[in-house]
There are 2 protein chains.
Amino acid sequence: MSRPRPPLVDCDIHNELAPGSLRPYLPRRWREYDETYGNRGDGGSSYPKGAPRAARTDAWPPSGLPPGGDLEFMREQLLDAYDIRYGILNCLSKANRQQNPEYAAALCRAVNEWQVEEWLEKEPRLRAGISVPYEEPALAAEEIDRAAAHPGFVQVLLLVRTDEPLGRRRYWPIYEAAVRNGLPVGVHFGGGRANPLTGSGWPSFYIEDHTAMAQAFQTQLVSLVVEGVFERFPTLKVVLIEGGFGWVPSLMWRLDKHWARLRDEVPHLSRRPSEYVRDHIWFTTQPIEEPPDPRQLLTVFDNMGGGDDKGTDKILFSTDYPHWDFDDPDRAIRAKLEPEARARIFGGNAMALYGLDR
Amino acid sequence: MSRPRPPLVDCDIHNELAPGSLRPYLPRRWREYDETYGNRGDGGSSYPKGAPRAARTDAWPPSGLPPGGDLEFMREQLLDAYDIRYGILNCLSKANRQQNPEYAAALCRAVNEWQVEEWLEKEPRLRAGISVPYEEPALAAEEIDRAAAHPGFVQVLLLVRTDEPLGRRRYWPIYEAAVRNGLPVGVHFGGGRANPLTGSGWPSFYIEDHTAMAQAFQTQLVSLVVEGVFERFPTLKVVLIEGGFGWVPSLMWRLDKHWARLRDEVPHLSRRPSEYVRDHIWFTTQPIEEPPDPRQLLTVFDNMGGGDDKGTDKILFSTDYPHWDFDDPDRAIRAKLEPEARARIFGGNAMALYGLDR
């Protein structure tokens, strides 16, 4: 811990709602709705059920609040312990995928107001993603425009298992609002409502769920590129959070190969698919696909880039605190990186992307 | 074309049914059903519709038969032209996923009898996969036991978009029958009946379908490994056909990483997930994810292996003849491979796997 190092930025921290956290932030109409009807939007328990809220067993604060729910304990266990310069909160809740659209919007707004009061105003090292009812993009855009006024919000937060692929036109109002407010769009592990997890149905095990989630990220990357979202919104930046990135090189190769022969199907694209990926899409590290030989990871970074040492300029370190599969900043990425590349991954890329030192 | 080279084996050729091809092979009961009710099992057209049956525009035989439907023309355009020692036929039809199980079984049997009469008995360089009604595994096992008596059948043929992930118990009778008959199980691009193509819904474009199909292969690899299929059937060999392989290394890393922490969920696994992949799963090349710098492909092969030059021993060359995205044996794999590795990929691995020179 004592070795000097460049500023560390953790791009995926989860602040957790406790029972009743949102009550003060919900208008009476929706507080009553919440009490009478409540959650109807989501099936299945969070994983692993044996460790509620997917938490590390040592992450329960003495206060009795849930893991990730106690700022003081988060400071001690994460921000201070690892000397983290900035941390990006991605609050996961069921607010953003309720079947009742206005209830979803009210819950998201409450989540965001709670984040301002309880987190952003209290801890200058923290920034947060704006929770939005993303299946109702017009309502999501309204919330982005409202919440973005607070400088602590540095991205729009979606979950990766949407009802339709994210490139489709129904989601464009979200990108329009993000760009209008100068915010990247973060797409985090999780979600799901309409579709089985894979194109071949429901897997049996959690280990399969956790692994197959990377497929949903592949879907979204391809859809955003192929639908021409980055042609329509040339300043849009997208962050894929907790989906890995080892699959990115071969996916770019496959896409470019198909595009070379199928470009008449997608005449709205003016560039090779991989160019949009390289310019517009960032990837957080956790759960990093750590190979048996650390040097193999360097080949992945090399294959990510288009030359000129660009293979690491879209990689953002993240811990996923307080979840069970936390990547420790002192142990993650065993490969021998050049010091500049390590500094970019562990902080520099995030500082630039989110404008953190501004 | 004149340079000397080791034996070439094409591991993915499509022989195509013409209208009426199956009539002589269907019992009267099912011939009548076919005429009255016909196909009810599949939605959507094959891709791309503008080139019917996904064919190369130069692949239509002068005989008027469909592309891939004329053995003489296939000899001329593929087997002789490229001096192919052996070719594996994977006949794609809607036989294997009809909603009426016995109709599906009758169609599959007819497809297999047609393959024997019209292809295997006429051309000694060809081998074929057994078409089976794979969503009804008991019927599929019966057909495997029946058809495997002909030495021209060298694998069981499934399609990758099954109703459930292939590791689930419902499919085990297929593996039992394959192992009993000493046959690998080939899983080919395509299929689909129950589920949207991705966990985030239906994509808009064919280029997305074609790219997302690789996700279904990821699902099946994970499911077969994690459900313990290779523990239960230690001699089972699986060939993933037309799904690429650039995604395999990072998927093995991710799986191994999760397994190290989650192995209590899958106590039936006695080894690391990547070890099952390395020992039991083969991959055909087409559509090979050709990187901009050919040397990048070598890093993929390196990352596939567990050391000891094993990174290419499960790779099987394939053309996908006569489909539009045919990989030309004289041009595919631009990387500078060691001669032994090239010989393995282009023929040796397939000769050993399918016992072709026996």
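Computed values, structure above
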item: Sole exception among (1) within 20 Å of the chain's Cα centre (by Cα); (2) facing chain A (nearest Cβ under 10 Å); (3) closer than 19 Å to B:R170 by Cα for B:K237, by number; result: (2)
item: Residues located in region A:202-242, provided they are closer than 27 Å to A:D10 by Cβ and of a type in the set (V, I, T); result: A:I207, A:T211, A:T219, A:T235, A:V238, A:V239, A:I241
item: Test set (1) farther than 22 Å from B:L353 by Cβ; (2) at pLDDT 95 or above; (3) within 12 Å of chain A (Cβ to nearest Cβ); (4) over 18 Å from the mean Cα position of the chain (by Cα) - B:V229 fails condition number; result: (1)
item: Any hit, region B:252-270, residues being under 30 Å from B:R342 (Cα atoms), touching a Cys at 6+ places or on another chain (Cβ under 8 Å) and modelled with pLDDT of 95 or more; result: no
item: Residues satisfying the stated conditions in region B:187-218, i.e. open to solvent by less than 10 Å² (accessible area, probe 1.4 Å) and among the hydroxyl-bearing types (S, T, Y); result: B:T198, B:S200, B:T211
item: Inter-residue pairs, beta-carbon under 9 Å, first at positive phi and in region A:325-339, second in a loop (DSSP other than H, G, I, E, B), 6+ apart; result: A:I333/A:T285; A:I333/A:I288; A:I333/A:E290; A:I333/A:P294; A:I333/A:F317; A:I333/A:D327
item: Restricting region B:325-345 to residues that are in contact with a Pro (Cβ under 7 Å, 6 or more places away or on another chain) and surrounded by 15 or more Cβ atoms within 10 Å (Cβ to Cβ), the residue that is nearest to B:Q77 (Cα to Cα); result: B:D327
item: The lone exception for A:E72 - which of (1) open to solvent by 20 Å² or more (accessible area, probe 1.4 Å); (2) within 14 Å of another protein chain (Cβ to nearest Cβ); (3) more than 22 Å from A:L221 (Cα to Cα) it fails; result: (2)
item: Residue among B:T312, B:T299 that is under 24 Å from B:P234 (Cα atoms) and of a type in the set (S, T, Y); result: B:T312
item: Looking only at region A:301-358, and only at residues there that are acidic (D, E) and part of a helix (DSSP H, G or I), the one that is nearest to A:D70 (Cα to Cα); result: A:E340
item: Qualifying position, being more than 14 Å from chain A (Cβ to nearest Cβ) and either in contact with a helix residue (DSSP H, G or I) (Cβ under 6 Å, 6 or more places away or on another chain) or not aliphatic (A, V, I, L, M) (or both), among B:T312, B:T299; result: B:T312
item: Only one of A:P287, A:P249, A:P292 that is open to solvent by 20 Å² or more (accessible area, probe 1.4 Å) and either free of Cβ contacts under 8 Å to residues at least 40 places away in the same chain or within 8 Å of chain B (Cβ to nearest Cβ) (or both); result: A:P292
item: Selection count, region A:138-186, where residues are more than 18 Å from B:P196 (Cβ to Cβ), within 14 Å of another protein chain (Cβ to nearest Cβ) and crowded, with 20+ Cβ neighbours inside 10 Å; result: 1
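The values are calculated or read from the model by the stated rules, or taken from the named source; none is laboratory data. Remember, it's a predicted structure, so these values are computed and weren't measured experimentally. Reconstructed Cβ throughout: ideal geometry from the backbone, glycine too, with neighbour counts over all protein chains shown. Quick note on the areas: whole protein, heavy atoms, side chains included, nothing else; ligands and nucleic acids left out. Shrake-Rupley method; radii C 1.70, N 1.55, O 1.52, S 1.80 Å.
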